[in-house]
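The values are calculated or read from the model by the stated rules, or taken from the named source; none is laboratory data. Quick caveat: nothing in here was measured; it's all calculated off a predicted structure. Backbone-built Cβ (ideal geometry, glycine too); neighbour counts: all protein chains shown. Heavy atoms of the whole protein, side chains included, go into the accessibility calculation; ligands, DNA and RNA do not. Shrake-Rupley method; radii C 1.70, N 1.55, O 1.52, S 1.80 Å.
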Amino acid sequence: MYLDVHSHTQHSTSDTLVIRNQYPLTADISEPFSVGIHPWFLNDFEAQWNALIPLAQHFNCWAIGECGLDKNVTSPLPLQQEIFLRHIELAESLELPLIIHCVKAYAEVIQLRKRTRSQQLWILHGFRKNLKVAQELIAHGIAISFGTPLLYSHQLQEVFKKIPPEYRFFESDDSIQPLVIKQVKQARFITSET
């Protein structure tokens, strides 16, 4: 059985359990899902937050997020941090993992991890950085999720090989390839030792 910790397009199959990101917040909740407010879409965040709370308490909600920080968007970073903190508190109260979107804000994510002393699993999704960044995240208890770029990026393959297995996850994100998790797990660079 494979686990896809973050997808916008895939559904669970007989051999892959998919945690679908529910955006918009009115999407199907008949299979495992995650729910959060993406930092790209903060215009009406209070209304979104009010819609999110009952979904987060649903028995099929397996994670909070995708949420986080993105320095490439126009939303002010303090607002993004305020909303991210709400997600952290919700994940803690419901004892659910947190799926994190992060662009150019790794130091801020790590700082929030230290400040909140969160006990729940944090998974930084769509990781595409170097080993130094990966090691810093792991040193603060933040796991990393790899998607399709792992299949063709030698840098990511080296990162993958050098981090502990308990900090590695797989995702299809917005890939339309239904077998992406199997492809990643069966890739030649993954040896029986990793």
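Numbers for the structure displayed
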quantity	calculated
Charge dipole of the chain about the Cα centre (unit charges at C-beta), most positive-ward option of Ser153, Gly141, Ile64	Ser153
Debye, to nearest 20: dipole size of the chain, +1 on Lys, Arg Cβ, -1 on Asp, Glu Cβ	780 debye
Rough spin-label spacing in nm, given labels placed 7 Å along Cα→Cβ, for Lys162 and Arg128	2.0 nm
Accessible carbon and sulfur surface of the chain relative to its total accessible area, %, 1.4 Å	53 percent
Most mobile listed residue (Tyr106, Tyr152, Tyr167) in the chain, GNM with C-alpha springs under 10 Å	Tyr152
Within straight-line cross-link reach of Lys162, aspartates and glutamates at Cα separation under 15 Å, skipping those fewer than 8 residues along the same chain	Glu136, Glu193
Chain lengthening between Ala107 and His8 when straightened (0.36 nm per residue, less Cα-Cα)	33.0 nm
Placed amide H near Asn21: partners under 5 Å, 5+ positions off or other chain	Ser7, His8, Ser34
For the chain, calculated [θ]222 nm from helices alone, where every DSSP H run of n ≥ 4 adds -39500 (n - 2.57)	-10000 deg cm²/dmol
Residue with peak Gaussian network fluctuation, the chain [Cα springs, cutoff 10 Å], from Ala105, Ala143, Ala134	Ala105
Choice from Ser12, Ser145, Ser34 showing the highest fluctuation, given a GNM over the chain with Cα pairs closer than 10 Å	Ser12
Net lengthening on full extension, His154/Leu79 (0.36 nm per residue, minus Cα-Cα)	23.4 nm
Hull-based mean projected area of the range 2-191, where the convex hull spans the alpha carbons, in square nanometres	10.2 nm²
Dipole-positive endmost among Leu94, Leu77, Leu17 within the chain (Cβ charges, Cα centre)	Leu77
Accessible area (Å², per residue) of the chain, counting only protein heavy atoms and a probe of 1.4 Å	50 Å²
Inverse of mean 1/r across different Cα pairs in the range 80-135, Kirkwood, Å	11.8 Å
